[in-house]
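J.: Input: one structure, supplied below.
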Amino acid sequence: SRETFTEFLLAVAIFLMSGIGAYLIRIAPRREEEAWETYMYFGLILLLLSAIVLAAVFAYKSGLLQVGRIRR
């Protein structure tokens, strides 16, 4: 139940990535029509990826996800 330094760095990177994704979505309407879709898609991909990674880390830490363990 303790957080390691690696988990801390992963959480910081994920929150930065989600912040960048949210920023891209926020500024997308101010761009030209051709660039608008690119900004929106890239921001959405960053947000979804960060949510999936955070959910996986939480599930692993809470015991819902067991990676690399053999059950007998």
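J.: For segment 50-65, state whether one or more residues are aliphatic (A, V, I, L, M) and either loosely packed, with under 10 Cβ neighbours inside 10 Å or outside any helix (DSSP H, G or I) (or both).
T.: yes
J.: Could you please let me know if F42 is exposed (fewer than 14 other Cβ atoms within 10 Å of the Cβ) and of a type outside the set (G, A, S)?
T.: Against the criterion (exposed (fewer than 14 other Cβ atoms within 10 Å of the Cβ) and of a type outside the set (G, A, S)), F42 does not qualify.
J.: Would you mind stating whether L65 is closer than 23 Å to F8 by Cβ and without any contact (Cβ under 8 Å) to a residue 12 or more places away in the chain?
T.: yes
J.: To continue, here is another question. For segment 17-39, which positions are more than 30 Å from R2 (Cβ to Cβ), open to solvent by less than 80 Å² (accessible area, probe 1.4 Å) and in contact with a Gly (Cβ under 8 Å, 6 or more places away or on another chain)?
T.: L24, I25, A28
J.: For segment 1-39, give me the residue count where each residue is in a helix (DSSP H, G or I) and in contact (Cβ under 8 Å) with a residue 24 or more places away in the chain.
T.: Qualifying residue count for the region: 10.
The values are calculated or read from the model by the stated rules, or taken from the named source; none is laboratory data. Because the structure is predicted, anything quoted here is derived from the model rather than measured. Because the Cβ atoms are built from the backbone with ideal geometry, glycine has one as well, and the counts that use them run over all protein chains shown. Side chains included, ligands, DNA and RNA excluded: accessible areas come from the protein's heavy atoms. Shrake-Rupley method; radii C 1.70, N 1.55, O 1.52, S 1.80 Å.
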